[in-house]
Amino acid sequence: ATYFVYRLGNELFGYTAGVLSALFFATSPLIVMSARMPYHTSSIPLFSSIFFLLLYKVLKGKKYLMPVCSFVLGILLLLELSNAVLILILLVLLFATRKIVKIKELILPVS
């Protein structure tokens, strides 16, 4: 999960932000305590980071990653239902960028 937090920070804000976010994530007492618990919610940060990384790439034009992004969102919903708010975030971002990512192109394969 720390690697994906680094990748997300690096993609969005640059190298320094990626390293600092990974450092804060790896040394956060709440994250360390949650990772040591043998409970299903300890993998939520991993899948959340992957989801936001994929969502960022979809919004940048890599529309073929949308099914993978939806799959990761489904895994997040299986882990914890409070992640349902990510569906709202996904819909708002897709609506805001509808000129870049058309709904028809997300559903139908582009030739």
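Comparing 45, 29, 67 in a Gaussian network model of the chain, where Cα atoms under 10 Å apart are tied by springs, the biggest mean-square fluctuation is seen for 29.
In this structure the amide hydrogen of residue 28, modeled in the peptide plane, comes within under 5 Å of no amide hydrogen from residues 5 or more places off or on another chain. In this structure the chain gives 66 Å² per residue of accessible area when probed at 1.4 Å with all protein chains present.
When mean projected area of the Cα convex hull in nm² is calculated for this entry, the matching label among (i) 8.5; (ii) 6.3; (iii) 7.6 is (iii). For the chain, lysine pairs separated by 8 or more sequence positions, or belonging to different chains, with Cα-Cα distances below 13 Å total 6. Carbon-plus-sulfur accessible fraction, the chain (probe radius 1.4 Å, protein heavy atoms only): 73%. Note that the range 21-33 has calculated 3J(HN,Hα) couplings of 5, 5, 5, 5, 5, 6, 9, 5, x, 5, 5, 5, 5 Hz, one per residue in order, obtained from phi through the Karplus relation 6.51 cos²θ - 1.76 cosθ + 1.60 (θ = phi - 60°); glycine and proline are x.
The values are calculated or read from the model by the stated rules, or taken from the named source; none is laboratory data. Treat the numbers as computed from the prediction; the structure is a model and nothing was measured. Remember, those area values only see protein heavy atoms, side chains included, never the ligands or the DNA or RNA. Shrake-Rupley method; radii C 1.70, N 1.55, O 1.52, S 1.80 Å.
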